[in-house]
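Working notes for the structure below.
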Amino acid sequence: QVQLVESGGGLVQPGGSLRLSCAASGTVLSIYAMGWYRQAPGKQRELVAAITSGGNTIYADSVKGRFTISRDNARNTVYLQMDSLITEDTAVYYCNVHPVGWWPWGQGTQVTVSS
């Protein structure tokens, strides 16, 4: 059974940085395109960034130039480096396969950007 565990969130001031990690068990991430998603209060979950098995990346317009998605296949882990954070980045962040299929969602990691 696939299990995804997100970590690395926290409270950060505007302009700060965080690095999120997504560790997987029950599958090998390297063969899948993976995405980071976020859900802010009262809003639908949205795709933030995705990375293919070959390392190609896509980003939502709102995070281009500020976020970087990467993967470490040896560690079966996907990362999201978030720089120049703004208050609008506040949300619960999740990872999952891209596009979303049958894998269950993890618990997510809360990112709060506030002064």
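Does a label point 7 Å from the Cα of Gln44, set along Cα-to-beta-carbon, have any residues of region 83-102 with amide nitrogen under 20 Å, and which are they?
The answer is 89-102.
Carbon and sulfur atoms: what percent of the 1.4 Å accessible area of the chain do they account for?
Values: 2940 of 5930 Å².
It is 50 percent, rounded to a whole number.
Any idea what the relative contact order of region 63-115 is, in percent, if you count C-alpha pairs under 8 Å spaced at least 6 apart?
30
Ratio of Rg to Rh for region 61-115, alpha carbon only, Kirkwood?
0.99
Using label points projected 7 Å from each Cα along Cα→Cβ, tell me how many nm separate Ala60 and Arg75, to one decimal.
About 2.4 nm separates the two model spin labels.
In square angstrom, what is the accessible area per residue of region 1-59 with a 1.4 angstrom probe? Each step should come with its number before you reach the end.
Values: 3160 Å² over 59 residues.
Computed with neighbouring chains in place, this is 54 Å² per residue.
Alpha carbons only, please: Rg and Dmax for the chain, in angstrom.
My reading of the Cα-based Rg and Dmax gives 13.1, 40 Å.
How high is the relative contact order of the chain, in percent, with contacts defined as C-alpha pairs under 8 Å that are six or more residues apart?
Across the chain, relative contact order equals 37 percent.
As an exercise, identify the trypsin sites (Lys or Arg not before Pro) in region 20-115 lying in DSSP coil whose Cβ has no more than 14 other Cβ atoms within 10 Å. Walk me through the numbers on the way to the answer.
Values: sites: Arg38, Lys43, Arg45, Lys64, Arg66, Arg71, Arg75; in loops: Lys43, Arg45, Lys64, Arg66.
For trypsin sites (Lys or Arg not before Pro) across region 20-115 that sit outside H, G, I, E and B with at most 14 neighbouring Cβ atoms in 10 Å, the list reads Lys43, Lys64.
The values are calculated or read from the model by the stated rules, or taken from the named source; none is laboratory data. Everything quoted here is computed from the prediction, not taken from an experiment. Every residue, glycine among them, receives a Cβ derived from its backbone with ideal geometry; neighbour counts consider all protein chains shown. Protein only, heavy atoms only, side chains kept; ligands, DNA and RNA dropped before computing areas. Shrake-Rupley method; radii C 1.70, N 1.55, O 1.52, S 1.80 Å.
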